[in-house]
Structure formats: C-alpha cells, structure tokens
Amino acid sequence: KLSPDEIKAAFAAAENRKEDPVFQKNLGLALSRYAKVQSDSSFLPELITLLERANRLSNEKDTEVLTALADVYFIQAREKFEASLYEKARNLYQRAISLDPDNADIKTAYAYTFLFSKPAKPEAAITELNSILKQNPNDEGALQLLILALIQSNKIEIAGQKLSELKKINPNNTAISDLEAQLTQHKINLNR
C-alpha cells in the first residue's frame, strides 16, 4: 500500500512533467487502478486533474484515459451522490465508446452509470446491456449487471431466466449467491 507521502510525490512528479503525455497517461492509469483496487478515494480530486491533463494531451482520443477518467468520476458520483458527476462519467464513457464501439467493458461501465445514478434508470441500462449480450451472450459482467437492472425494473421472471443463464455459463461465478439473494428479497418485497 502506498503511503500518503508516496502518493503526494507521484502527483508532484506529474506536475513537474506536465507536457509528457506518456508519463501523464501511465501515472494516471496506474493511480486509477490503485484507487479501485485499494478502495482509496482520498486523492481522487488530484487524480482527476492528472487524468484530465492526460486526456487533453491525447486530444481526447485515448480510450484508456477516457475510461479511467470516467471511472474516477463514477467513483466520486457514488460517494457524493451527485447527479452531475454521473453525467460526467456517462459522457466520458460515451466518448470512449465512440472511439472503440466494440469494447464491451466500456459499454458495461457506461450501463453502470444508469443503474446507480439517482434516480436510477434501469431501462437505459437494460438497453445497453442487451446490445452487449447480443454481440457476446457469454459476457458475464454484462449479464450480472443486466440481472440487477431487471430486478430494479421489477422484471423478476426475466431476471430469474438470466440468472439461470449465468449459472450455465459459469456455475462458479462469485456473484451468483448475491444475485439470488437480491432476487429472493425483491420477490418478498413485491408480495407484501
């Protein structure tokens, strides 16, 4: 785990090499991965500045940088419950998708923004996830998120069918038990 001083030193190095696009990108991507893995959001404002700079230096044409920047805005949106941050994340994912339209991971992340924003827009997420699954019916990440969106939309029967599909694709998927619990809980709540 990085100490606060090590993180501060990394951002200082980025400041000293502001015009080096490769350095900005590589450091930004490394720190964004670190923030996700460690669930450390203490330096997200500085990371946004760094990734915005890397994005500008790439003329907004680097899908990795756009996606990392969108991810950081999404993390902040979930922490702060701010609609404008969800919108920023969504716009950045859209730009990344326009550059790499076949990237299912970016499309899945984009769908997340609809499902977790306030108010949630599960129908928009369902539309996006169905388009991913049309291209690759075995995409576990998209299928898991689709099940959540279907539950949120009270489409319990379809959610159950999709959960069965997920079990067939990978019976060892670690999300299955949680999805089953959510589906059962939602059925109970609907029957009250």
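The values are calculated or read from the model by the stated rules, or taken from the named source; none is laboratory data. Model, not experiment: these values are computed from the prediction. Cβ coordinates were reconstructed from backbone atoms using ideal geometry, including for glycine residues, and neighbour counts include every protein chain displayed. For accessibility, only protein heavy atoms count, side chains too; no ligands or nucleic acids. Shrake-Rupley method; radii C 1.70, N 1.55, O 1.52, S 1.80 Å.
Which residue, of VAL65, VAL72, is buried (at least 23 other Cβ atoms within 10 Å of the Cβ), modelled with pLDDT under 95 and within 22 Å of PRO101 (Cα to Cα)? Among VAL65, VAL72, only VAL72 is buried (at least 23 other Cβ atoms within 10 Å of the Cβ), modelled with pLDDT under 95 and within 22 Å of PRO101 (Cα to Cα). Being in contact with a Phe, Trp or Tyr (Cβ under 7 Å, 6 or more places away or on another chain) and either on the phi < 0 side of the Ramachandran plot or part of a helix (DSSP H, G or I) (or both) is a condition met by at least one residue of the range 145-156.
One line per residue, one yes/no per condition, for (1) crowded, with 16+ Cβ neighbours inside 10 Å; (2) more than 17 Å from the chain's Cα centre (by Cα):
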| site | (1), (2) |
| --- | --- |
| LEU115 | yes, no |
| LYS155 | yes, yes |
| LYS162 | yes, yes |
| LEU183 | yes, yes |
| LYS187 | no, yes |
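Checked against (1) open to solvent by 40 Å² or more (accessible area, probe 1.4 Å); (2) within 21 Å of ALA54 (Cα to Cα), SER131 passes all but condition (2). Figure legend. Inter-residue proximity from the range 151-169: first residues touching a residue at least 12 places away in the same chain (Cβ under 8 Å), second residues outside any helix (DSSP H, G or I) and exposed (fewer than 13 other Cβ atoms within 10 Å of the Cβ), beta-carbon distance below 6 Å, spacing 6+ or different chains. Indicated pairs: ILE169/ASN138.
Residues being open to solvent by less than 40 Å² (accessible area, probe 1.4 Å) and either free of Cβ contacts under 8 Å to residues at least 60 places away in the same chain or assigned to a loop (DSSP other than H, G, I, E, B) (or both) are represented in the range 80-87 by at least one member. Summed over the range 7-60, the residues that are closer than 17 Å to ALA96 by Cβ, among the hydroxyl-bearing types (Ser, Thr, Tyr) and open to solvent by 90 Å² or more (accessible area, probe 1.4 Å) give a count of 0.
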